[in-house]
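This report concerns only the one structure given below.
Where a number appears in this text, it was derived from the coordinates with a stated rule and is not lab data. Every value quoted in this text rests on a predicted model; they were computed, and no experiment measured them. Every residue, glycine among them, receives a Cβ derived from its backbone with ideal geometry; neighbour counts consider all protein chains shown.
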Protein chains: 2
Amino acid sequence: MTTVREIRLKSRPSGLPTHANFEMASVELAAPGPGEVQVKNLWMTVDPYMRGRMNDVKSYAPPFQLGKAMDGGAIGQVTVSNDPNLKVGELVQSGYGWREGFNAPAAALQKLDPRGLPPQAFLGAAGMPGLTAYAGLLKVAALKDGDVVFVSGAAGAVGAMVCQIAKAKGHVVIGSAGGAEKVAWLKSIGVDHVIDYKATSDLNAALTEAAPGGIDVYFDNVGGAHLEAALNSAKLFARFAICGMISIYNATKPEPGPSNLAQLIGKNIRMEGFIVSHHFSMMPQFHADLAKWVAEGKVSWKETVFDGLDAAPDAFIGLFSGENLGKMLVKLG
Amino acid sequence: MTTVREIRLKSRPSGLPTHANFEMASVELAAPGPGEVQVKNLWMTVDPYMRGRMNDVKSYAPPFQLGKAMDGGAIGQVTVSNDPNLKVGELVQSGYGWREGFNAPAAALQKLDPRGLPPQAFLGAAGMPGLTAYAGLLKVAALKDGDVVFVSGAAGAVGAMVCQIAKAKGHVVIGSAGGAEKVAWLKSIGVDHVIDYKATSDLNAALTEAAPGGIDVYFDNVGGAHLEAALNSAKLFARFAICGMISIYNATKPEPGPSNLAQLIGKNIRMEGFIVSHHFSMMPQFHADLAKWVAEGKVSWKETVFDGLDAAPDAFIGLFSGENLGKMLVKLG
């Protein structure tokens, strides 16, 4: 028997989650059954979309259950194997996050070949956030030559990849992020104009100044005032890939949408929401492009790492005040 | 010399336009010069988009100028011709509305072949509003087999055509309109479920009841609460053609957008604004389909007619309280 800890949903938050919404518990893992393996988690991810799963509402991802372990992406290592397809010591990617270890059928896990990258990259730049950026920019927003691109949440796991993919393809990129450190990093990776929204009283004016001719593509991770400014700056036939609206995820009452939505009409704007799971077929193409861009020095990434399962709630809560530079991760192993 | 009257913009409205914003004036028409014709207008159109032109803001249509005649679509008859391409008595379509007559270069006018329809139909079902419905539904919303279609402003010039085109193609159609007369008419032309929004306290509940399985396509003429209800009822991969937002055209301060815009993400909704002028190339195909549908009895239309140029401001103002059943027109000839 092995004892591992897991984090359970103790209560559903109203507004910003607090420690009181989480509960640490210990569970005993028996020896894995036939066709099963036992895995020790090395890394887990916290992502903004998990906030929605803390509510008891139907959405694209099922809600977390009260009193049950939360879940999400994780990278682990096989410690005991009862299946010939996974050997002890091999790395696996799974949906069994928010816990130190677990037993699972080998068939439910994905063997991870890190291809020279650190394994936790597959929770960020080389994983779902990276593919989200790639599919959202190239397919949903249908990026084309000459497009001026605006990205909110530009220093986040998804946003930073959007910026760099657009730069790798030769576009003018305007990114918005909060705080001097993020601004400096985005400039260092080649973003043409960086708006520090926390230091800006008028986002509309800041975007107009950064993109006097307007924007063709907006990649939205934030919603709210950023979306309103993007509508004001949009050119004719602009395309908006709506990926996230972190500004409203903790709202306790409905937050009004942008007051300038009628601009969609005169400017013939296409605004399209998406979730990455509908674009998994692009993963091989994304990994091929990513390998090339990494080799050319065109794409790099940052991680903000919290240490140990105890720190996972803080890592998660920190997403909503923008504590992360790049991918927010929890190191478990 | 011929004396004709024209309506000029006297002042820019704040909120709903009033009679004080309009001014009647008389002008003398000289004999038309070489290559010119003189036209007596028979019909003029009033359309919601003209409200935007009363503001002094840059948009897809230029603002009306203070002290100058307003303009817009009109059907007239040539009374004097100084050009071999247009004969006296021929019908012409022009942008010289809001006046009883005018001189213009023949080359600036479009000769009208009514093809068995009443000429004023080319200001409505067979003209721009009809093409707006056709292009918005078939191209922008990309209607496909099995789609459940929701239409707001369903008894208006555009909305009623959207309903009938969708019915002609075999779809389930839910229309929203205000008042018993409109509801009865929409039912009589085959709309499956009609919501009387003026008699409904909860538009979300009404739409859920009409489309318990959700909607695939929303054709928006209204914005506001209708757009919010459509987002709530949208199915995965729903498409919204954003044609108009008459509910906010007279707003004196910014009206907040729908509070549930984040549903775009989980449902992968595409929301696309459009104006008809980008789809003029579809006109021949539209006219061919329309002729077939009219012959089969699948498409008909209503007109609400105000008589004489003096009544044009009332006709226009009446659009915003929904006084029109079908196309709002002013008969001049």
Would you pull out the residues with amide H under 5 Å of B:THR304's amide H, same chain only if 5 or more places away, H placed 1.01 Å from N? B:LEU325, B:LYS327, B:MET328, B:LEU329
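Please get the size of the charge dipole for chain A, origin at its Cα centre, with Cβ charges of +1 on Lys and Arg and -1 on Asp and Glu, quoted in debye to the nearest 20. Intermediate results must be reported in sequence, preceding the final value.
Numbers: 30 positive and 30 negative charges, 79 e Å.
Charge dipole of chain A: 380 debye, to the nearest 20.
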Averaged over peptide B:251-257, how many Cβ atoms belonging to another chain are found within 10 Å of each residue's Cβ? 5
Quick one: dipole size for the stretch A:67-114, taken about the Cα centre, charges +1 on Lys/Arg Cβ and -1 on Asp/Glu Cβ, in debye to the nearest 20. 80 debye
Give a residue-ordered list of calculated ³J(HN,Hα) values for the stretch B:176-183 (Karplus: 6.51 cos²θ - 1.76 cosθ + 1.60, θ = phi - 60°; whole Hz; x for Gly, Pro). 10, 8, x, x, 4, 5, 5, 4
Among B:GLY326, A:GLY273, A:VAL92, whose Cα lies farthest out toward the positive end of the dipole of the protein assembly as shown, if unit charges sit on the beta carbon of Lys, Arg (+1) and Asp, Glu (-1)? A:VAL92
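Classify chain B from the C-alpha gyration tensor, please: rounded if a/c falls under 1.5, else prolate or oblate depending on whether a/b exceeds b/c. Walk me through the numbers on the way to the answer.
Numbers: a/c = 2.17, a/b = 1.61, b/c = 1.35.
Prolate, because a/c is 1.5 or more and a/b exceeds b/c.
Provide the three semi-axes, in whole Å and in decreasing order, of the ellipsoid equivalent to the protein assembly as shown as defined by the square roots of 5 times the Cα gyration tensor eigenvalues.
Numbers: eigenvalues 648, 135, 94 Å².
Over the Cα atoms of the protein assembly as shown, the ellipsoid semi-axes are 57, 26, 22 Å.
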How big is the charge dipole of the stretch B:210-333 about its Cα centre, in debye rounded to the nearest 20, if each Lys and Arg gets +1 on its Cβ and each Asp and Glu gets -1 on its Cβ? 420 debye
For the stretch B:240-283, what class follows from the C-alpha gyration tensor (a ≥ b ≥ c being the square roots of its eigenvalues): rounded when a/c is under 1.5, otherwise prolate if a/b is larger than b/c, else oblate? oblate
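Using a cut-off of 14 Å between beta-carbons, work out the net charge of the residues near B:ARG12 (Lys and Arg +1, Asp and Glu -1, B:ARG12 not included).
Values: positive: B:ARG8, B:LYS10, B:ARG51, B:ARG53, B:LYS68; negative: B:GLU23, B:ASP56.
Residues near B:ARG12 contribute +3 overall.
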By the Cα gyration tensor axes a ≥ b ≥ c (a/c under 1.5 gives rounded; else a/b larger than b/c gives prolate, otherwise oblate), the shape of the stretch A:1-98 is prolate
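Which whole number in µm²/s is D for the stretch A:72-185 by Stokes-Einstein, with the Kirkwood Rh taken over Cα pairs at 37 °C and 0.692 mPa s?
Values: Rh = 16.2 Å.
The calculation lands on 203 µm²/s.
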